[in-house]
Structure formats: structure tokens, C-alpha cells
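The values are calculated or read from the model by the stated rules, or taken from the named source; none is laboratory data. Computed from a predicted structure; not experimentally measured. For neighbour counting, all protein chains shown are included, and Cβ atoms are generated from backbone atoms with ideal geometry for every residue, glycine included. Please note that ligands, DNA and RNA were not included when accessible areas were found on the heavy atoms of the full protein model with its side chains. Shrake-Rupley method; radii C 1.70, N 1.55, O 1.52, S 1.80 Å.
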Amino acid sequence: MGKALEGVRILDFTHVQSGPTCTQLLAWFGADVIKVERAGEGDATRGQLRDIAGVDSLYFTMLNHNKRSMTLDTKRPDGKKVLEKLIQDCDVLVENFAPGALDRMGFSWERIQELNPRMIVASVKGFGPGPYEHCKVYENVAQCTGGAAATTGFDDGPPLVSGAQIGDSGSGLHLALGIVTALYQRNTTGRGQKVLTAMQDAVLNLCRVKLRDQQRLERNGVMEEYPQFADGQFGESVPRAGNASGGGQPGWILKCKGWETDPNAYIYFIAQAQVWPAVCKLIGREEWITDPDYATPRARLPRLMAIFAAVEEWSTTHTKFEAMDILNKFDIPCGPILSMKEIAEDPSLRATGTIVEVDHPERGPYLTVGNPIKLSDSPTEVRRSPLLGEHTDELLSGLGYSEDQIRRLREERVI
Ligand code: COA
């Protein structure tokens with residue numbers, strides 16, 4: 001079966017996580033992704049957090065599937081010549097170097113346009129234009145500057161970063177959409193364009209509801225669904241809401257049987273208005289169905305923590321999976337807190353290709369997260385990440401270099 005992005009050639013100048021997530025997605029959709037890396041070391045993540053000495057790390061392998069790797073020193077004159085050919089040959093250049101690195105290398109937007117006016121140049125940077133545009137940025141800096149850390153955690157604790165890599169992988173997702181959109185527009189204009197995703201912007205986009213809440217707070221002084229509502233303690237900015245749902249249906253994380261020893265024996269429970277009578281019956285509080293202090297969502301708002309405590313008395317008598325089964329029978333929305341171990345072993349995630357086992361010539365089999373976006377006419381086959389420079393020769397000969405020329409480039413350490 002054909003692939004959605006078949007025929008699209010991506011010059012992948014990305015490293016670490018944000019950019020590689022983007023180009024991996026494009027590769028999964030069928031683009032030919034050529035990862036250009038510095039000879040000798042390559043993407044720094046190849047060597048970071050290694051679990052097997054001398055072998056590409058999981059950090060690298062899990063972000064660089066379905067790509068080809070070429071080594072090239074793009075600061076040397078002969079390397080620049082190769083890069084020029086690649087720019088002429090590709091549709092998109094994706095990079096997430098520190099600000100200005102591409103210019104310093106001699107490949108400004110104007111120079112790239114001269115070489116290939118159809119080229120789309122897509123970049124991840126930490127910040128957009130403004131006071132911080134020159135800063136280098138990693139994941140947690142983006143979480144802190146994009147509103148996530150200030151709004152995550154509990155009211156009586158410090159700001160918290162999330163385990164979800166919304167700064168890096170979140171930016172990569174945004175960038176991938178920008179690239180595909182630019183390719184679509186190129187069909188009518190014939191021109192390339194610049195695509196920029198600032199990590200701060202990507203995080204803020206994912207924290208959109210918190211900017212919504214900031215304005216609600218400024219207008220009304222309170223937000224009823226926040227845990228702070230019970231005792232009316234609101235400050236000037238959106239507070240950390242613990243495990244509150246953040247939407248119109250109140251929810252919280254509740255202990256389940258075994259919580260004393262299992263750090264993940266918990267369930268997320270949502271007290272959706274429609275199922276209130278079912279909740280009351282289940283936890284043995286049928287009087288709350290008609291009690292005016294509990295009967296309506298409005299009346300329940302200041303009492304949510306007491307209600308969750310009552311449901312928790314029930315949930316601690318069941319495992320999280322038993323609780324899930326029972327609650328689902330009554331259409332009560334909930335979700336067990338799944339550990340990474342449980343997720344890795346989940347047969348349904350394996351069946352859909354969301355968790356995939358991949359074989360690697362040096363490390364053997366390992367697990368990865370497959371393509372989370374499923375296209376019915378463009379299925380994804382996850383192929384292992386390339387070894388450093390594995391495809392250098394085939395790519396150079398595709399660009400017209402002879403065996404002798406390739407040998408010379410290698411002797412001179414350009415590749
Ligand atoms: N040949 C020759 N030089 C190369 C090269 C190649 N194939 N690939 C990279 N380089 C050079 C770059 O040109 C740069 O040189 P310069 O400093 O002289 O301009 C140098 O390698 C280092 O690149 P840089 O991007 O600055 O790496 P770093 O390790 O110092 O910084 C980041 C890493 C992630 C902090 C930085 O790249 C960054 O802020 N990126 C944008 C935001 C981002 O994506 N952050 C999240 C990463 S997950």
C-alpha cells in the first residue's frame with residue numbers, strides 16, 4: 001500500500017527530541033527522511049542515557065525510526081557542497097539547532113531560497129521573536145515558560161513539570177502539522193516558506209484552558225471547579241489545581257485497594273452529573289440523590305472533596321481494575337492509573353501498533369511507541385533507527401558522487 005507522504009524528501013537536521021519527533025512522524029507517513037549528523041558523534045542522544053555500552057541509546061532509537069542516516073561535516077567546504085546538493089534535492093529542511101546556527105553555517109533562509117525556492121525550512125526554537133529569542137532551550141524550560149509548571153501540582157507545593165514531554169514532543173507535533181500545511185500551500189504557490197514552532201508557544205497552546213481560566217478568574221474572582229473554591233482562597237493568577245479535572249465535570253484521583261504498597265493503585269474518577277444517582281447507590285449514600293446539599297452539581301461544588309473522600313472509601317475496597325469494571329457498568333467515566341510497566345505489557349496497545357517491538361542489529365529487540373496517528377490508507381510500519389552514517393554512501397551516490405569521490409570525502413573526514 002502507498003504512503004501518504006511518499007515522494008516527499010526531508011533533509012533532517014534535527015537532534016535531541018523536539019525535531020526528531022517531528023521528522024519521525026513524517027517518516028511514518030512515508031516521507032524519505034535523511035538525517036544529517038556530524039561524523040564521529042552524530043546526534044548527541046545516541047550516547048546519552050545508554051543502557052548498553054557502545055550501543056545507540058533508547059533515547060535515540062525511539063525517536064529516529066524509519067530514517068536514513070548520513071554523516072556530514074557541514075562546516076567544511078566539501079561538506080557544504082554536499083549540503084547544497086541535498087537542499088536542491090529535498091522538499092523540506094527541518095532543524096532545531098540553537099538560534100542562528102544555520103546562518104552561522106552559511107545557510108541563511110535567503111541562501112536556501114537561492115538554492116531551492118520550493119524548499120520549506122522548518123525550525124523548532126525555544127522562544128519566538130522577542131527578548132529570549134537567542135536562548136537555548138530544553139523541555140523543562142519550555143514547560144516552565146509556557147504556563148504548564150505554574151498550573152501543575154498542588155496548591156501547597158512548588159510548580160511541577162509533567163512527565164509528558166509537551167515541550168519537546170509537543171513542539172515536534174506542532175511542527176509536523178506546520179510542514180504538511182506548508183507542503184499543501186506549495187501546491188498552489190509553488191513556493192517554499194519558513195515554518196517556526198517556538199517551544200514556549202507549543203506548551204502554551206496545550207495550556208490554552210489555563211489562559212481561559214486566568215480571564216475567568218480576573219472577571220469573577222473565583223472558579224467553581226477548582227479545589228480552592230471550597231474555602232474561597234484565590235490569588236491573582238490561576239492556581240495549581242491538583243488533580244481537578246479542569247473541565248465542567250469534577251474529577252479527582254482516588255486510592256484503590258493496595259495503595260499502601262503500590263504507588264499506582266489509584267483511579268481517576270469523574271462525578272459526571274448524569275450518573276450522580278448511580279454513584280450514590282454504588283457508594284451506599286442514596287440519601288445524597290435527593291438531599292438538597294448534594295442533589296445538584298451546583299450544590300455539590302463546595303463539597304467535592306468530601307464527596308471524593310466518600311467515593312474513596314468505596315474505591316479502596318477494590319483494585320483499580322475492579323473499580324474500572326464496576327464504574328463502567330454504570331457509565332461512570334474513570335480511568336486506572338496505569339504504570340509504564342502495565343502499559344508496556346498491555347496487549348491491546350500492542351495489537352493496535354501503539355506499542356511496538358522493534359529489532360535492532362546491535363541492541364536486539366526493544367519496545368517503542370509506534371505512530372499514535374492511524375491513517376487507514378497509509379499504515380505505519382515501524383523500522384529500526386539507522387546506525388550512524390549507515391546510508392552515507394548510498395545517499396552520496398544518489399547525489400552523483402563516484403566511489404572515488406566518496407572515499408576521498410571519508411579520508412578527509414568530511415563524512
Ligand atoms: N556539521 C558541522 N557542524 C554541525 C553539524 C554538522 N553536521 N551539526 C551541528 N553542527 C554544529 C552547529 O552548527 C552548531 O555550531 P555553532 O555553535 O558554531 O553554530 C553546533 O553544532 C552545536 O549546535 P547546537 O544546536 O547549538 O547544539 P547544543 O548541544 O549546544 O544545544 C539545544 C542543544 C537543544 C539546547 C539547542 O540546539 C537548542 O536550543 N535548540 C532549539 C530548541 C530545541 O529544539 N530544544 C529542545 C531540544 S530537545
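Numbers at a glance
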| read-out | value |
| --- | --- |
| Helices (runs of 4 or more DSSP H) enclosed by segment 149-230 - at least 2 residues per element that are of a type in the set (S, T, N, Q) and touching a residue at least 24 places away in the same chain (Cβ under 8 Å) | 168-189, 199-206 |
| Residue that is nearest to the ligand (Cβ to nearest atom), among those in segment 7-24 that are open to solvent by 10 Å² or more (accessible area, probe 1.4 Å) and of a type in the set (A, V, I, L, M) | VAL16 |
| Check on ALA98, surrounded by fewer than 21 Cβ atoms within 10 Å (Cβ to Cβ), under 28 Å from PRO365 (Cβ atoms), near the ligand (Cβ under 9 Å from one of its atoms) and of a type in the set (Gly, Ala, Ser) | no |
| Top-ranked residue in segment 390-401 [being part of a loop (DSSP other than H, G, I, E, B) and open to solvent by 50 Å² or more (accessible area, probe 1.4 Å); ranked as nearest to VAL82 (Cα to Cα)] | GLY400 |
| Condition check for ASP103: of a type in the set (D, E, K, R) and free of Cβ contacts under 8 Å to residues at least 24 places away in the same chain | yes |
| Test: GLU313 is assigned to a helix (DSSP H, G or I), farther than 15 Å from LYS329 by Cα, open to solvent by 40 Å² or more (accessible area, probe 1.4 Å) and in contact (Cβ under 8 Å) with a residue 24 or more places away in the chain | yes |
| Qualifying positions in segment 56-73 - in contact with a Phe, Trp or Tyr (Cβ under 9 Å, 6 or more places away or on another chain) and open to solvent by 10 Å² or more (accessible area, probe 1.4 Å) | LEU58, MET62, ASN66 |
| Filter result for ARG240 (over 30 Å from ASP89 (Cα atoms), open to solvent by 20 Å² or more (accessible area, probe 1.4 Å) and within 24 Å of the chain's Cα centre (by Cα)) | yes |
| Residues being part of a helix (DSSP H, G or I), free of Cβ contacts under 8 Å to residues at least 40 places away in the same chain and open to solvent by less than 40 Å² (accessible area, probe 1.4 Å) - total across segment 278-306 | 3 |
| Any chance ARG76 is open to solvent by 20 Å² or more (accessible area, probe 1.4 Å), within 15 Å of the ligand (Cβ to nearest atom), among the charged types (D, E, K, R) and in contact with an Asp or Glu (Cβ under 7 Å, 6 or more places away or on another chain) | no |
| Subset of segment 169-197 (residues that are hydrophobic (A, V, I, L, M, F, W, C) and over 20 Å from ALA98 (Cα atoms)) | LEU177, VAL180, ALA182, LEU183 |
| Residue ID - least open to solvent (accessible area, probe 1.4 Å), chosen from residues in segment 316-344 that are free of Cβ contacts under 8 Å to residues at least 60 places away in the same chain and basic (Lys, Arg) | LYS341 |
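Conditions (1) among the charged types (D, E, K, R); (2) open to solvent by less than 80 Å² (accessible area, probe 1.4 Å); (3) within 12 Å of the ligand (Cβ to nearest atom), marked per residue:
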{"site": "TYR138", "(1), (2), (3)": "no, no, yes"}
{"site": "GLY146", "(1), (2), (3)": "no, yes, no"}
{"site": "THR151", "(1), (2), (3)": "no, yes, no"}
{"site": "LEU160", "(1), (2), (3)": "no, no, no"}
{"site": "GLY167", "(1), (2), (3)": "no, yes, yes"}
{"site": "ALA176", "(1), (2), (3)": "no, yes, no"}
{"site": "LEU183", "(1), (2), (3)": "no, yes, no"}
{"site": "VAL195", "(1), (2), (3)": "no, yes, no"}
